[in-house]
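The values are calculated or read from the model by the stated rules, or taken from the named source; none is laboratory data. Given the structure is predicted, the values throughout are model-derived calculations rather than measurements. Here Cβ is always computed from backbone atoms with ideal geometry, including for glycine, and neighbour counts include all displayed protein chains.
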């Protein structure tokens, strides 16, 4: 491996040299079994790391993020470098000159003045060019140089300089490419500048990367490249993270080194055969980053996305199971990809026993597979039938497609509780696409990216937020799952990319500052009834349902793993705290000194716009025999503006049927839960408007 830095300059943070680390390279596995050392859901990872004894330590060691914890022990004699007296620049220069005399060298050709607090004035006073006129390599890493003019003036006095390192000096923070251009122009033989090759790179730079030239053997001013003839392996892929910008082809490099057998891990003969001009075949390990004050659990949570893998379990009856992530043990986690593998690996699940459990005046006949409809549709105008082919109305949670019609005898003359192409509303990626095509970026839709098709634009947006120091929290949602299944709040780009493996997702900007109710996050479920898409004829139920998180809202990064802090759907997990809608409205108005009617008008306008977008972008949704009920989930930001979360097909009506409430949006009368299904069917099939309002 080539590091384009002098020997003392590889410091600060994890590196390949920091600890021997097992790496087995493979492309894809036939049979290779390793047992996971951790299974978890993404939300439970932090909790497990805190609660399971020794787990954080083992994971940190496996992921190589505990290196600095052992730094004192690695000093050998127990005396840290900080406790040693630091030589000043003049001492170093004097020592270099004396060492050269002892070795019988006619000149000093390699000088390292690193971490010596050298500033601009000191650099001038050192007058290095007069002391070392034949210098080949100069390192001024990690000093206090700030003036571009002074640095350019001093280093361009070295006309034979081959390598210059200015890494980690203040002047690099704000300078542009002009400084490099001036230095390369003033030092015509410079081959390495700040850890990458210049356009002049040649034998000296290759020799440096091949281990031929170093401080003990810097070469001579006019020395030929004879020593390069012994180089048999050369790695320019720079897995330490420093770039290689070749000006010449890989073929030219191979031809110039007659004994070279490997270039970047690729057989030199293959390079000549294929004619590849740029070789970088060995993927660099993406080593995790951390800060010294981060607890081990935090380091592991950030680093784990480079190591974990995932699977999902489902049976024939229930397909929307939560994804399971796992970390292989030390040997399994050491497996890395290779373009030249000598074995193949593939994950599999071993289950030794069993399986995973996981209108002619008669009443309108209704076929349904939904328990609430069977139990609460009690109006005499409707009667339940067990046969789909005999029904006037098909009210089902299943998709009614051609295959189902053929199997059940359903015809195009029967009413169905779904519209053609309604996926443009109920699948999250299509919903975002529909709204964006109709309106661009309305304020009620958070910035949304389909990660399957718009990963690059998302990464650009993410990078801009990071560069500008903006909040970078995002929420990942599966295209077509409800109840927050496989939904994650995250600010880690590696995690976002890895989470794509559990199924296609959208990535949406998280609403960091929502309106709160008594300090807790909440959202609102509205019921929308659609009689027709052309003309658009839609109604909203006169009540809505508030869904409350159980914990106080916070943006503390550890809270992102707490379901009951950032999510509000408690019907299926967590503790459900039902809040009667009239009580919520009254208390919310009092807490925030707002009028709910104003909020409601904004919500109505937004919902109307959503369905208008669908009708505009997808006119093929129109069907005279379609009638449908949708759940529209809404959140308010801290300015009480509505934000669209999602639209749900055939929403769960358990709470609507269970709790009596009072109309907030109509005439204020009592609405009995057991009558909910009756007025839904009355609106859609009998043209009634009891307990609903037109939009």
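I'd like to check something: does segment 546-565 contain any residue that is closer than 30 Å to residue 689 by Cβ, over 31 Å from the mean Cα position of the chain (by Cα) and not assigned by TED's automatic domain parsing to the domain that holds residue 472? No, segment 546-565 contains no residue that is closer than 30 Å to residue 689 by Cβ, over 31 Å from the mean Cα position of the chain (by Cα) and not assigned by TED's automatic domain parsing to the domain that holds residue 472.
Of the residues in segment 601-611, at least one is loosely packed, with under 14 Cβ neighbours inside 10 Å, closer than 26 Å to residue 664 by Cα and assigned by TED's automatic domain parsing to the domain that holds residue 518. Considering segment 560-576, the residues that are assigned to a loop (DSSP other than H, G, I, E, B) and under 17 Å from residue 635 (Cα atoms) include one that is modelled with the highest pLDDT, namely 567. Just one of the listed residues (241, 219, 275) is more than 30 Å from residue 46 (Cα to Cα), modelled with pLDDT under 70 and out of contact with any helix residue (DSSP H, G or I) (no Cβ under 6 Å at 6 or more places or on another chain), and it is 275. You will find that of 145, 116, 161, 171, the residue that is crowded, with 17+ Cβ neighbours inside 10 Å and closer than 21 Å to residue 218 by Cα is 161 and no other.
Do we find that residue 511 is surrounded by fewer than 19 Cβ atoms within 10 Å (Cβ to Cβ), closer than 25 Å to residue 614 by Cβ and at pLDDT 90 or above in this structure?
Spelling it out, residue 511 is indeed surrounded by fewer than 19 Cβ atoms within 10 Å (Cβ to Cβ), closer than 25 Å to residue 614 by Cβ and at pLDDT 90 or above.
Scan segment 402-427 for residues that are under 43 Å from the mean Cα position of the chain (by Cα), in a loop (DSSP other than H, G, I, E, B) and more than 19 Å from residue 533 (Cβ to Cβ) and the total you get is 0.
Inside segment 376-399, can you point out the residues that are surrounded by 18 or more Cβ atoms within 10 Å (Cβ to Cβ) and in a loop (DSSP other than H, G, I, E, B)?
Within segment 376-399, 377, 391, 392, 396 meet the criteria.
A single entry from 288, 295 fulfils the requirement of being over 20 Å from the mean Cα position of the chain (by Cα), at pLDDT 65 or above and within 30 Å of residue 49 (Cβ to Cβ): 295. The one condition from (1) under 27 Å from residue 498 (Cα atoms); (2) outside the structural domain of residue 482 (by TED's automatic domain parsing); (3) not in a helix (DSSP H, G or I) that residue 436 does not meet is (3). Within segment 386-422, count every residue that is more than 21 Å from residue 371 (Cβ to Cβ) and out of contact with any strand residue (DSSP E or B) (no Cβ under 9 Å at 6 or more places or on another chain). Number satisfying all stated conditions: 11.
Would you confirm whether any residue within segment 362-372 is modelled with pLDDT under 90 and either assigned to a loop (DSSP other than H, G, I, E, B) or not assigned by TED's automatic domain parsing to the domain that holds residue 658 (or both)? Spell out how you get there, then give the answer.
Our first condition is that a residue be modelled with pLDDT under 90; within segment 362-372, this holds for 362.
Among the residues that remain, those that are also either assigned to a loop (DSSP other than H, G, I, E, B) or not assigned by TED's automatic domain parsing to the domain that holds residue 658 (or both) are: 362.
For segment 362-372, residues modelled with pLDDT under 90 and either assigned to a loop (DSSP other than H, G, I, E, B) or not assigned by TED's automatic domain parsing to the domain that holds residue 658 (or both): present.
Condition test on residue 228, is it in a loop (DSSP other than H, G, I, E, B), assigned by TED's automatic domain parsing to the domain that holds residue 193 and either over 18 Å from residue 190 (Cβ atoms) or at pLDDT 75 or above (or both)? No; evaluated as a whole, the condition is false for this residue. Considering only residues in segment 519-553 that are in contact with a helix residue (DSSP H, G or I) (Cβ under 7 Å, 6 or more places away or on another chain) and not in a strand (DSSP E or B), the one that is farthest from residue 596 (Cα to Cα) turns out to be 534.
Criterion applied to 649, 659 was being closer than 16 Å to residue 373 by Cβ, in the same structural domain as residue 433 (by TED's automatic domain parsing) and within 43 Å of the chain's Cα centre (by Cα), and the one residue passing it is 649.
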